[in-house]
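Peer 1: The structure is given below, and queries will be raised subsequently.
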Amino acid sequence: MAQPTFCAPDLDAFCMLNNSGVTVTGQHLTAESAALECRMGDCDDFCRRCGAQARVRGSVVRNVTHVPMGWRPTQLHLRLRRYRCDDCALVWQQDTTSVVPPAAKLSHAAALWVLKSVVIDRLSIARVAANLGVSWHTANDAVLTTGRRLLIDDPNRLTGVRVLGVDEHVWRHTRWGNRYVTVVIDLTPVADGKGPARLLDMVPGRSKQTFITWLNAQTSAFRAGVEIVAMDGFTGYKTAAAQSLPEATTVMDPFHVVALAGQAVDKARQRIQQATLGHRGRKGDPLYGIRKVLKTGKDYLTERQQTRLKTVFANPQHQPVQTTYDIYQQIVAAYRNPNRQKAKKRLRKLIDSMSHGIPNTLTELQTLGRTMKRRAADILAYFDHVGTSNGPTEAINGRIEHLRGTALGFRNLAHYITRALLDTGGFRNKIHSL
């Protein structure tokens with residue numbers, strides 16, 4: 001600001017209280033905290049029961065946590081008039097809902113500040129609570145309540161969704177097993193090239209019925225607007241989408257197709273390792289030594305790596321691994337082809353060749369071929385729909401994992417879902433305008 005226009009100092013405006021009907025009448029500052037004495041500007045002296053005018057019968061002070069001033073935890077000391085009606089003996093005090101919600105500990109401005117700190121700055125609840133000078137539970141309750149009211153419960157939040165992504169996510173690791181949720185992602189901004197993906201919801205469980213229940217809970221307009229559903233190889237999500245979204249196109253994204261082919265390479269290597277040497281891979285074993293090289297694209301292999309591959313594949317006993325490796329590289333090459341139509345044609349031809357005639361010695365390729373033949377339509381649909389990869393879904397899963405680490409884990413699933421929505425629900429642009 002090169003040439004600002006100055007006006008008289010206004011403590012109410014500086015403290016973000018100028019539109020709340022409160023006037024600051026005093027302050028008490030220390031190095032650790034700040035306290036502002038305030039008075040309500042409007043009189044509230046008419047009886048709420050009979051309408052008669054009442055008399056002032058003293059005052060009370062209500063302490064409310066406010067936005068930190070200069071990184072000091074700040075308290076508002078609201079001095080409120082108490083009234084008594086002589087006609088019906090009703091006693092009340094001045095209304096403070098313009099400053100703080102009923103029975104709340106944080107002012108409206110503080111609650112919004114907490115929400116922005118978590119969504120925009122991605123601060124932990126512990127850090128926010130320390131800045132406010134309140135307990136962890138008070139700050140957490142404010143984040144969850146304000147976030148749901150202003151952001152998550154917006155009826156227009158699901159409007160305009162055309163491309164869905166669905167995947168599973170481990171929300172909690174326990175000694176008795178992992179706890180799963182189904183994450184539903186809006187991939188429309190990615191498909192349109194207008195922004196990143198955003199989290200729509202997290203549903204307990206990871207089954208066909210879980211996804212069906214969520215889809216059926218949405219409006220008919222929402223279901224009618226979904227054109228594409230991107231997913232992994234789990235057939236439960238495929239069946240759910242076909243049942244609840246019969247007009248939508250299901251797409252199996254490249255990440256999971258390549259991952260299935262990579263698993264086939266690993267299983268073939270491990271099986272031949274056991275058959276030839278009688279033990280799991282150890283340092284110095286030929287197949288174990290190239291386990292990472294097998295997952296590297298041919299275009300990125302160094303001369304040394306190419307030589308190591310040729311040396312290992314020269315052994316006739318390693319032929320099943322080489323054959324599976326060649327199929328894996330053909331799948332990767334198809335997805336890397338910039339010409340989508342040629343890539344689709346090449347991958348369709350490869351799937352057809354894997355659907356029959358594979359010898360019984362190549363059990364891993366037989367399994368891979370059956371899977372790809374069964375999901376051929378979903379695999380090939382990717383080339384007809386730009387931006388329908390489920391990769392952004394995996395990226396959001398990674399951000400949620402980071403959130404769980406920042407929070408040192410979650411025990412309450414409802415809190416976890418709300419915090420995940422606030423962190424990855426695409427609210428950063430919207431919250432700036434609040």
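The values are calculated or read from the model by the stated rules, or taken from the named source; none is laboratory data. Everything numeric in this text was worked out from a predicted model, so none of it was measured. Here Cβ is always computed from backbone atoms with ideal geometry, including for glycine, and neighbour counts include all displayed protein chains. Just so you know, the surface numbers come from the protein's heavy atoms only, side chains and all, with ligands and any DNA or RNA stripped out. Shrake-Rupley method; radii C 1.70, N 1.55, O 1.52, S 1.80 Å.
Peer 1: Have a look at 409, 398 and point out the one that is in the same structural domain as residue 196 (by the TED database) and without any contact (Cβ under 8 Å) to a residue 40 or more places away in the chain. Before the answer, list the steps.
Peer 2: On the way: 409 fails: without any contact (Cβ under 8 Å) to a residue 40 or more places away in the chain.
Every option except 398 fails the conditions.
Peer 1: Which residue out of 335, 288 is under 38 Å from the mean Cα position of the chain (by Cα), more than 28 Å from residue 236 (Cβ to Cβ) and assigned to a helix (DSSP H, G or I)?
Peer 2: Details: 335 fails: more than 28 Å from residue 236 (Cβ to Cβ).
Result: 288 is the single residue among 335, 288 that is under 38 Å from the mean Cα position of the chain (by Cα), more than 28 Å from residue 236 (Cβ to Cβ) and assigned to a helix (DSSP H, G or I).
Peer 1: Give the residue that is modelled with the lowest pLDDT, with candidates limited to residues of the range 76-105 that are open to solvent by less than 80 Å² (accessible area, probe 1.4 Å) and among the small types (Gly, Ala, Ser).
Peer 2: Restricting to residues being open to solvent by less than 80 Å² (accessible area, probe 1.4 Å) and among the small types (Gly, Ala, Ser), the top hit is 89.
Peer 1: Then there is this: Scan the range 340-360 and tell me whether some residue there is closer than 24 Å to residue 272 by Cα, in contact (Cβ under 8 Å) with a residue 60 or more places away in the chain and open to solvent by less than 40 Å² (accessible area, probe 1.4 Å).
Peer 2: For the range 340-360, residues closer than 24 Å to residue 272 by Cα, in contact (Cβ under 8 Å) with a residue 60 or more places away in the chain and open to solvent by less than 40 Å² (accessible area, probe 1.4 Å): absent.
Peer 1: If you don't mind, there's one more thing I want to ask. Take the residues in the range 297-326 that are open to solvent by 20 Å² or more (accessible area, probe 1.4 Å) and among the β-branched types (Val, Ile, Thr); name whichever of them is farthest from the chain's Cα centre (by Cα). Don't jump to the end; show me each part of the working.
Peer 2: Just the residues of the range 297-326 that are open to solvent by 20 Å² or more (accessible area, probe 1.4 Å), to begin with: 298-308, 310-311, 313-317, 319-320, 322-323, 326.
When the remaining residues are screened for being among the β-branched types (Val, Ile, Thr), the result is 302, 307, 311, 323.
Working: 302: 38, 307: 44, 311: 46, 323: 39 Å.
Ranking the candidates gives 311 first.
Conditions (1) open to solvent by less than 20 Å² (accessible area, probe 1.4 Å); (2) at pLDDT 90 or above; (3) part of a strand (DSSP E or B), marked per residue:
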position	(1), (2), (3)
1	no, no, no
27	no, yes, yes
42	no, no, no
49	no, no, no
61	no, yes, yes
74	yes, yes, yes
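Peer 1: Among the β-branched types (Val, Ile, Thr), in contact (Cβ under 8 Å) with a residue 12 or more places away in the chain and open to solvent by 40 Å² or more (accessible area, probe 1.4 Å) - does that describe any residue in the range 140-150? Outline the logic, then answer.
Peer 2: Within the range 140-150, the subset among the β-branched types (Val, Ile, Thr) is 143, 145-146.
Then drop every residue that is not in contact (Cβ under 8 Å) with a residue 12 or more places away in the chain, which leaves 143, 145-146.
Imposing the further condition that a residue be open to solvent by 40 Å² or more (accessible area, probe 1.4 Å) reduces the set to 145.
Checked against the condition, which is being among the β-branched types (Val, Ile, Thr), in contact (Cβ under 8 Å) with a residue 12 or more places away in the chain and open to solvent by 40 Å² or more (accessible area, probe 1.4 Å), the range 140-150 yields at least one hit.
Peer 1: So, one more: Could you grab me the full set of residues in the range 363-379 that are closer than 15 Å to residue 260 by Cβ and either touching a Phe, Trp or Tyr at 6+ places or on another chain (Cβ under 6 Å) or not basic (Lys, Arg) (or both)?
Peer 2: From the range 363-379, those closer than 15 Å to residue 260 by Cβ are 363-376, 378-379; that's our starting set.
363, 364, 365, 366, 367, 368, 369, 371, 372, 376, 378, 379, listed by residue number.
Peer 1: Quick one: is residue 387 assigned to a loop (DSSP other than H, G, I, E, B), in contact (Cβ under 8 Å) with a residue 60 or more places away in the chain and over 16 Å from residue 334 (Cβ atoms)?
Peer 2: Values: assigned to a loop (DSSP other than H, G, I, E, B): yes; in contact (Cβ under 8 Å) with a residue 60 or more places away in the chain: yes; over 16 Å from residue 334 (Cβ atoms): yes.
The answer is yes for residue 387.
Peer 1: A further question follows. Would you check which residues across the range 244-262 are open to solvent by 10 Å² or more (accessible area, probe 1.4 Å), among the acidic types (Asp, Glu) and over 17 Å from residue 223 (Cβ atoms) and list them? Give the derivation first.
Peer 2: Filtering the range 244-262 for residues open to solvent by 10 Å² or more (accessible area, probe 1.4 Å) gives 244, 246-250, 254-256, 258-260.
Restricting the remaining residues to those that are among the acidic types (Asp, Glu) gives 247.
None - no residue of the range 244-262 is open to solvent by 10 Å² or more (accessible area, probe 1.4 Å), among the acidic types (Asp, Glu) and over 17 Å from residue 223 (Cβ atoms), so the list stays empty.
Peer 1: Let me ask you something else. Within the range 106-115, identify whether any single residue is in contact (Cβ under 8 Å) with a residue 60 or more places away in the chain and surrounded by fewer than 16 Cβ atoms within 10 Å (Cβ to Cβ), and answer yes or no.
Peer 2: No, the range 106-115 contains no residue that is in contact (Cβ under 8 Å) with a residue 60 or more places away in the chain and surrounded by fewer than 16 Cβ atoms within 10 Å (Cβ to Cβ).
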